[in-house]
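Nothing in this text is a laboratory measurement; each read-out follows from the coordinates by a stated rule. All figures in this text were calculated on a predicted structure; none of them were measured in a lab. Positions of Cβ are generated from backbone atoms using ideal geometry, with glycine treated the same way; all protein chains shown enter the neighbour counts.
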Amino acid sequence: MYMNANTPRDAARAELAANYDLAPSLAAAKATSELYARVSRVIPEVDWARHAPYILAIQKLKAEKDAVILAHNYMTPEIFHGVGDVSGDSLQLAIAATKVSQQTIVQCGVHFMAETSKILNPAKTVLIPDSRAGCSLASSITAADIAKMRADYPGAEVVSYVNTTAAVKAASDICCTSSNALRIVDSRPGDTVIMTPDGYLAQNVARESKKRIVYWEGACIVHEQFTPEEIRAFREDNPGIKIIAHPECPPDVIAEADFSGSTNGMINWVRKHRPEKVVMVTECSMSDNVASELAEVEFVRPCTICPHMKRISLEGILWALHSGTEEVLVEDALLDPARRAVERMIALG
Ligand code: 13P
Ligand code: SF4
């Protein structure tokens with residue numbers, strides 16, 4: 001396991017073992033039994049005895065180091081329920097980052113999320129447990145690409161998904177997330193809006209928007225894999241099942257779904273409607289995290305993993321807190337323009 005760019009894995013592990021009691025432990029499992037009650041439907045007891053020593057060590061260090069853990073909905077349940085202080089979708093985590101009182105933010109999510117926290121809190125220390133946790137959307141576009149699109153569509157505003165680097169945010173007029181994309185696009189002046197970098201999200205928004213949308217053809221490596229045939233097969237194999245999908249899925253997949261929304265929108269839909277059977281057409285850990293809470297709902301689970309999100313582990317979080325690495329920094333020149341794009345989005349509600 002990688003710890004961070006500067007410390008070889010074995011050296012980091014040896015240092016953690018020398019400082020914390022990390023062997024699987026029934027006593028640690030007992031000390032965290034309240035947390036285990038939340039995840040017992042999705043994590044076997046034997047695995048919890050492995051996770052519990054890390055959870056105890058992380059909780060202690062969080063308090064000692066004045067740190068808060070922001071956990072995206074795609075984190076595995078032992079992170080999401082075990083150590084996360086605030087959980088949510090990209091928008092909720094960005095808003096939470098503006099409100100936390102702690103001096104250090106440990107971002108349990110991918111790099112663009114940590115950058116967003118830093119952009120909104122330049123005076124705070126933002127740590128990411130594995131800086132290789134990227135995103136296929138964020139890496140699909142550069143600030144130079146934005147400049148070219150502006151030249152191709154003079155006068156059109158650029159709305160960039162938060163799944164972008166700080167440089168791309170800085171080159172954009174405003175950001176959006178999957179929960180507010182339609183509202184943000186429709187709020188822009190002019191007939192034409194440039195949307196980057198998710199081509200499927202842009203097409204899904206275009207179906208409902210009053211604007212002409214031109215877009216960059218990036219895609220999420222998780223959501224682009226789903227097909228309408230697969231969705232129809234879920235229905236055929238599971239009569240009465242509800243199908244809810246993330247708007248990063250292709251439009252023909254969204255057309256087959258009963259509901260589409262951000263990761264938190266999807267969670268709230270299941271909480272509200274409590275279907276007998278549901279499939280969440282998105283990353284694997286979402287179902288695990290909600291299934292822990294909703295015993296009466298049966299989740300059909302196509303397991304499509306985001307390899308970037310899955311780089312974040314309890315061991316990596318402990319190392320981040322212990323070593324104070326890896327710190328996420330944003331170039332000074334990008335901070336103000338990138339913050340303006342994110343804050344404009346937040347201001348629109
Ligand atoms: P949400 O904003 O819906 O959480 O989406 C983030 C993401 O990366 C989904 O793949
Ligand atoms: Fe990026 Fe897709 Fe992973 Fe979300 S699931 S972080 S969009 S690669």
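Which entries in the list 148/210; 242/310; 99/124; 118/148; 148/169; 65/124 go over 19 Å, if you measure between the two C-alpha atoms of each? Let's see the in-between values first.
Details: 148/210 24 Å; 242/310 27 Å; 99/124 12 Å; 118/148 27 Å; 148/169 15 Å; 65/124 13 Å.
Distance filter (> 19 Å) returns 148/210; 242/310; 118/148.
Could you work out the helix-only [θ] at 222 nm for the chain, with each DSSP H run of four or more residues adding -39,500 (n - 2.57) and the total divided by the number of residues, to the nearest 500 deg cm²/dmol?
Details: 17 runs with 155 residues, N = 349.
Here the helix-only value at 222 nm equals -12500 deg cm²/dmol.
Overall shape: oblate for the chain, with the ratio a/c of the largest to smallest alpha carbon gyration tensor axis at 1.5 or above and b/c at least equal to a/b.
Give the average over all directions of the projected area of the C-alpha convex hull of the range 214-274, one decimal, in nm². Before the final figure, lay out the partial values.
Working: hull surface 19.1 nm².
Its average projected convex-hull area is 4.8 nm².
Of 100, 158, 253, the residue with the greatest mean-square motion in the GNM of the chain, using alpha carbon springs below 10 Å, is 100. For the range 196-349, the normalised intensity computed at q = 0.19 Å⁻¹ comes to -1.23 (log10 of I(q)/I(0), Debye sum over alpha carbons, equal scatterers, no solvent). Loop exposure criterion: trypsin sites (Lys or Arg not before Pro), DSSP state outside H, G, I, E and B, at most 10 other Cβ atoms within 10 Å. Applied to the chain, the longest stretch between such sites is 211-349. Judged by the gyration tensor of its Cα atoms, with axes a ≥ b ≥ c, the range 109-267 is oblate; a/c meets the 1.5 cut and b/c is at least as large as a/b. Ordering 314, 35 by the number of other Cβ atoms within 10 Å of each residue's own Cβ, fewest first, gives 35, 314. Over all pairs of different C-alpha atoms in the range 163-246, the reciprocal of the mean inverse distance, the Kirkwood hydrodynamic radius, equals 14.5 Å. Each Lys or Arg adds one and each Asp or Glu takes one away; over the other residues whose Cβ falls under 15 Å from the Cβ of residue 74, this sums to -3.
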